[in-house]
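Student: Structure provided below as structure tokens; questions to follow.
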Amino acid sequence: MKKDFKTPKWWIALSAFCVVTIVVFGYFFIRMGSEGLYEEKVAYLEEISKKGTQLVTEQINGYFSTLEVISTIIGGDDDFTVDSALAVLKNEMSKGFFKRMGIITPDGTAYTTDGYTEDFNDRKYFKEALTGKNATSDCLIDKIGGEEINVFATPIYHNGIIVGVVFATKSQEELSKSLVIESFSSKGYSYIVSGDGRPVIKTNNPESIGEYTNFFDVMVDYGVTPQQLSTVQSHIKSNTSGTLEYTRQGVLRQMFYSPVGINDWYVFSVVPVKVISFQSDQLIRNLGLLAMIIVLLSIIICSRMIKAFKKNNTRLKHLAYTDSVTGHPNWVKFRLDVEELLSLHPERKYAMIAFDINKFKLINGLFGYQRGDEILTFVGDVLFKNLDNNEAFCRASADHFNVLMQYKSEDEIVNRLKSIEDELDRCINNYKIKISSGICTIKERDLDVSVYSDKANISRDIAKKQNSLSYHFFKDENRIELLREKGIEDAMDNALANGEFLVYLQPKYSAKEHKPVGAEALVRWNRPNEGLVFPNDFIPIFEKNGFIRSLDLYMFESVCKLMVQWQKNFKSAKNFSVSVNISRAHLSNPELANDLKHIADKYEISQELLEIELTESAVFENMEEMHILMNRLKEVGFKLSIDDFGSGYSSLASLKSLPADVVKMDKSFLDEAEHDKRGEKVIFGMIEMIKGLDMLTVAEGVETLSQLEFLVSANCDIVQGYYFAKPMPVKDFENQIFIKDNLPTTD
Ligand code: C2E
Ligand code: CA
Ligand code: CA
């Protein structure tokens, strides 16, 4: 299955959810914030406007207080005259508070501090003050000098009678400086106008409408609708405040108006709306920017996290799912792929195939391990190329590969396997790579993947044994094999406890004299109801499940016990050595040498008489570990022999470095030599070399006299085989080896 790992959907959903949440919350927060801010600003403007009116009232009342004090002083003078009054006023003028001061006599003649005499009969404020009120004018043109001014007037009482009016003038410019309120950094400004629209105090603000004679006339010119204007005027009539929005020069403005409390004056405060909203706009912009940054950061962080997550996930999955030798899927990944494919495509037919490379050990031996690994990788590459997305494969272990293949007919499977084999053959020059395949067509889909794979493995082993075809389709009869395996595993523990495992012994003879020089202990299983079972039927299973470790120790101890008996009972047994087979499954046990020594010591059997047989394939496949194990065994005094030498890939060169005492040449070696003169020469050379390394040579599987004669001529030391004796029960062995030639001891 060629597909990559994906980011989990929940992760993307979570990230999207976070971003959307930030955006939505940000939006509402900004809206609420800006609305609140705007309202606050509007309220602020209203407040300023009201403060403005208050300021005007207070200021003007202040002027009147000053005038009232002066009027009291003037009127209180018993010798009240215009001149005496002017003298007081001049004194006041020296403070520089007013532009001009003066008194107006009841006939309307005004006498000013700066020496002018004018008729003020036409001045409204004069008439009003004469009635006993404080009076102030709107914006007037000064009769002297023509400047725009405002006048404040108050009556003078002398002996309870109004004898004139005190007045003081202030220039508009000066007044507007102190009375007109500017706000929002001079962007806001105000007018003070009379109820009928005449200017009272003008403003110099450049944003303002400038010169005008009637405020209401210009308001209409400047964009206030007649409707708004009539509302304003009705408010003025009822002496109430109000607000309106209008657009002048393309600028939307907010206006507040409220009565000053003096005459019919009104303060009109204006500010462009954008000034009010400027800060809220800025806040919106800033918050928007912040939200964008947050979103952007979130996206970056999320994408980084996703990336890191993906990378980490991919790395972990790569580690967990990849075979370190080939870089292709391992068994764990294969299992998952098979489960997924079978459930995804119920309509398709699938077959589980298990194959391995014939004599792969030989390839390793001939070309080296590195080349061996390259070949395994090449096999992986070929499978990858030949399978499609809806198929799967893996290297399960060593040179064992598994494939899940789609098929329409069994012929199609065979043809595809053939073309894979053809492609593999291009891997090494002059060496034909052959594979043996077991095929299990999948019928029941809900079984565990290991069930199909077990069936395929069984079929592969059958394919290996047969000569005609390199593949075998699993048949129901093969199931019996599976059941048998299970039966063995179920029974093994009890069998060991019940003593069902027996020691059989096969004698070894000196090649020249044909004298027994030792024996090999071989296990047999005496199964109730089944009879004697041979090791080839159960040892591979025990090696897989580890039970062989217990069995080997049991055999070793049984041999020690026997030897104790023999040494007691038979003279010739004194220096008789026995070899025991020890499986490669012990390799990982650093305590093996000590354990064996402990047993030998317990029965007081000299280690010298005990020989440990380690098979060649175990030795050469795990050189480093085996070296350690052999050295330990050697250290504690056991004899060591390399069993089945020549069955796989013997390396005479590496034999040199091993602390072995004996080399047992495999039976197949002898078989080949028999038909081939060259093979004979090889054995000759080999025996010579082994002897040159100070090791004894043992020939296994000697069945004929001619083989024996050949071995004698090749100078082989020891022979073992059916020609002399088959492996036999202890009693038979004792009778044959000890009783016949040696009398039992009589002590
Ligand atoms: P092996 O260690 O190579 O033992 C020699 C095998 O060759 C024995 O088979 C023996 O019966 C057989 N044999 C001996 N002479 C001849 C002959 O002239 N012709 C033929 N055709 N065969 C001959 P066996 O007893 O069936 O044992 C098979 C294998 O099982 C042994 O091969 C050994 O690898 C393993 N084995 C046996 N007993 C034990 C044991 O206690 N522990 C372990 N780990 N492995 C054992
Ligand atoms: Ca052996
Ligand atoms: Ca052997």
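The values are calculated or read from the model by the stated rules, or taken from the named source; none is laboratory data. As the structure is a prediction and not an experimental result, all values here were calculated from the model. Heads up, the Cβs are rebuilt from the backbone with ideal geometry, glycines too, and the neighbour counts pull from every protein chain shown. Note: areas computed on protein heavy atoms with side chains; ligands, DNA, RNA excluded. Shrake-Rupley method; radii C 1.70, N 1.55, O 1.52, S 1.80 Å.
Student: Between LYS571 and GLU374, what length comes free when the chain is fully extended (0.36 nm per residue of separation minus the Cα-Cα distance, one decimal in nm)? Provide the component values of the computation, followed by the final result.
Tutor: Working: separation 197, 0.36 × 197 = 70.92 nm, distance 5.73 nm.
Value of the extension gain: 65.2 nm.
Student: Checking understanding here: applying a Kyte-Doolittle mean of at least 0.5 and a length along the axis of at least 27 Å (C-alpha), which whole DSSP H helices in the chain pass? Working shown, then result.
Tutor: Values: long enough: 9-76 (98 Å, 0.53); 273-321 (67 Å, 0.68); 476-497 (33 Å, -0.78); 548-569 (31 Å, -0.01).
Passing helices, by number: 9-76, 273-321.
Student: What nm value, rounded to one decimal, do you get for the distance between VAL451 and GLU412 when each label is placed 7 Å out toward the C-beta?
Tutor: 2.4 nm
Student: Right, next: Counting pairs of alpha carbon atoms under 8 Å apart in space and at least six apart in sequence, what relative contact order in percent does the chain give?
Tutor: Details: 1169 pairs, mean separation 59.7, N = 747.
After rounding, I find 8 percent.
Student: Can you work out the FRET efficiency for the pair GLU245 and ASP107, with r the C-beta to C-beta distance and R0 = 51 Å, to the nearest 0.05? Mind showing how you got there, number by number?
Tutor: Numbers: r = 51 Å, r/R0 = 1.00.
About 0.50, to the nearest 0.05.
Student: Another question, if that's okay. Could you list the trypsin sites (Lys or Arg not before Pro) in the stretch 317-415 that lie in coil according to DSSP, counting only those with at most 10 other Cβ atoms within 10 Å of their Cβ?
Tutor: On the way: sites: LYS317, LYS333, ARG335, ARG348, LYS349, LYS359, LYS361, ARG371, LYS385, ARG395, LYS408; in loops: ARG348, LYS349, LYS359, LYS408.
Within the stretch 317-415, the qualifying trypsin sites (Lys or Arg not before Pro) (loop, at most 10 other Cβ atoms within 10 Å) are LYS408.
Student: Still on this structure, please answer the following. If you average the alpha carbon positions of the stretch 650-711 and of the stretch 511-532, how far apart do those two centres end up, in angstrom?
Tutor: Cα centroid of the stretch 650-711 versus Cα centroid of the stretch 511-532: 22 Å apart.
Student: With an 8 Å Cα cut-off and a minimum separation of 6 or more residues, compute the relative contact order for the stretch 462-555 in percent.
Tutor: Relative contact order, the stretch 462-555: 19 percent.
Student: Follow-up question, since we're still on this one. Tell me, how many Å apart are the Cα centres for the stretch 139-167 and for the stretch 457-508?
Tutor: 135 Å
Student: Same structure, new question: What percent does the relative contact order of the stretch 359-476 come to when contacts are Cα pairs within less than 8 Å and at least six residues apart?
Tutor: Rounded, it is 17 percent for the stretch 359-476.
Student: Test of understanding: what is the full-extension gain from MET305 to GLU680, defined as 0.36 nm times their sequence separation minus their Cα-Cα distance?
Tutor: Numbers: separation 375, 0.36 × 375 = 135.00 nm, distance 6.95 nm.
Contour length minus Cα-Cα distance gives 128.1 nm.
Student: Which percent, to the nearest 5, of DSSP beta bridges fully inside the chain are antiparallel? Intermediate results must be reported in sequence, preceding the final value.
Tutor: Details: 84 of 109 bridges.
Rounded to the nearest five, the antiparallel share is 75 percent.
Student: Please give the Cα centre distance for the stretch 228-256 versus the stretch 374-411, rounded to the nearest Å.
Tutor: Between the Cα centre of the stretch 228-256 and that of the stretch 374-411, the gap is 89 Å.
Student: Could you check how much of the accessible area of the stretch 84-147 is carbon and sulfur, as a whole percent, using a 1.4 Å probe? Intermediate results must be reported in sequence, preceding the final value.
Tutor: Numbers: 1590 of 3080 Å².
Answer for the stretch 84-147 is 52 percent, counting heavy atoms of protein chains only.
Student: Right, next: Please go through the stretch 478-513 and write out the trypsin sites (Lys or Arg not before Pro) that DSSP classes as loop and that have at most 16 other C-beta atoms within 10 Å.
Tutor: On the way: sites: ARG479, ARG484, LYS486, LYS508, LYS512; in loops: LYS512.
Sites meeting the loop and neighbour criteria: LYS512.
Student: Suppose R0 equals 30 Å; then what is the FRET efficiency for LEU14 and GLU340 from their Cβ-Cβ distance, rounded to the nearest 0.05? Intermediate results must be reported in sequence, preceding the final value.
Tutor: Working: r = 25 Å, r/R0 = 0.84.
After rounding, the FRET efficiency stands at 0.75.
Student: Scan the stretch 421-503 for chymotrypsin sites (Phe, Trp or Tyr not before Pro) in coil per DSSP, keeping those whose Cβ has at most 16 other Cβ atoms within 10 Å, and list them by number.
Tutor: Working: sites: TYR431, TYR452, TYR471, PHE473, PHE474, PHE501; in loops: TYR431, PHE474.
Those satisfying the criteria are TYR431.
Student: Determine, for each peptide in 303-310, 668-675, the mean count of other beta carbons within 10 angstrom over its residues, then list the peptides with the highest first.
Tutor: Values: 303-310: 12.5, 668-675: 17.0.
Highest-to-lowest ranking by the protection proxy: 668-675, 303-310.
Student: Also, quick follow-up: How much length would be gained if the chain were fully extended between MET292 and ILE428, taking 0.36 nm per residue of separation minus their Cα-Cα distance, in nm to one decimal?
Tutor: Values: separation 136, 0.36 × 136 = 48.96 nm, distance 6.21 nm.
Result for the pair: 42.7 nm of gain on full extension.
Student: I'd like to check one number: the per residue accessible area of the chain, probe 1.4 Å, reported in Å² as a whole number.
Tutor: 50 Å²
Student: Between ASN204 and LYS237, what is the label-to-label distance in nm when each label sits 7 Å out along the Cα-to-Cβ direction?
Tutor: 3.8 nm
Student: Tell me, what % of the accessible area of the stretch 580-717 is carbon and sulfur with a 1.4 angstrom probe? Walk me through the numbers on the way to the answer.
Tutor: Working: 3060 of 6110 Å².
Here carbon and sulfur together make up 50 percent of the probe-accessible area.
Student: Enumerate lysine pairs in the stretch 335-418 that are 8 or more residues apart or on different chains, then count those whose Cα atoms are under 25 Å apart.
Tutor: Count of close lysine pairs: 9.
Student: Could I ask something else about it? Please work out the FRET efficiency for the pair SER186 and TYR44, using the Cβ-Cβ distance as r and a Förster radius of 22 Å; give the result to the nearest 0.05.
Tutor: Numbers: r = 15 Å, r/R0 = 0.70.
Computed FRET efficiency for SER186 and TYR44: 0.90.
Student: Suppose each label sits 7 Å from its Cα in the direction of the beta carbon; what would the ASN526-LYS486 distance come out to in nanometres?
Tutor: That separation, rounded to one decimal, is 3.0 nm.
Student: Can you spot the lysines whose alpha carbon is less than 30 Å from LYS51's alpha carbon? Ignore those fewer than 8 places along the same chain.
Tutor: Candidates past the 8-residue exclusion: LYS41, LYS95, LYS99, LYS124, LYS133, LYS170, LYS177, LYS187, LYS202, LYS237, LYS274.
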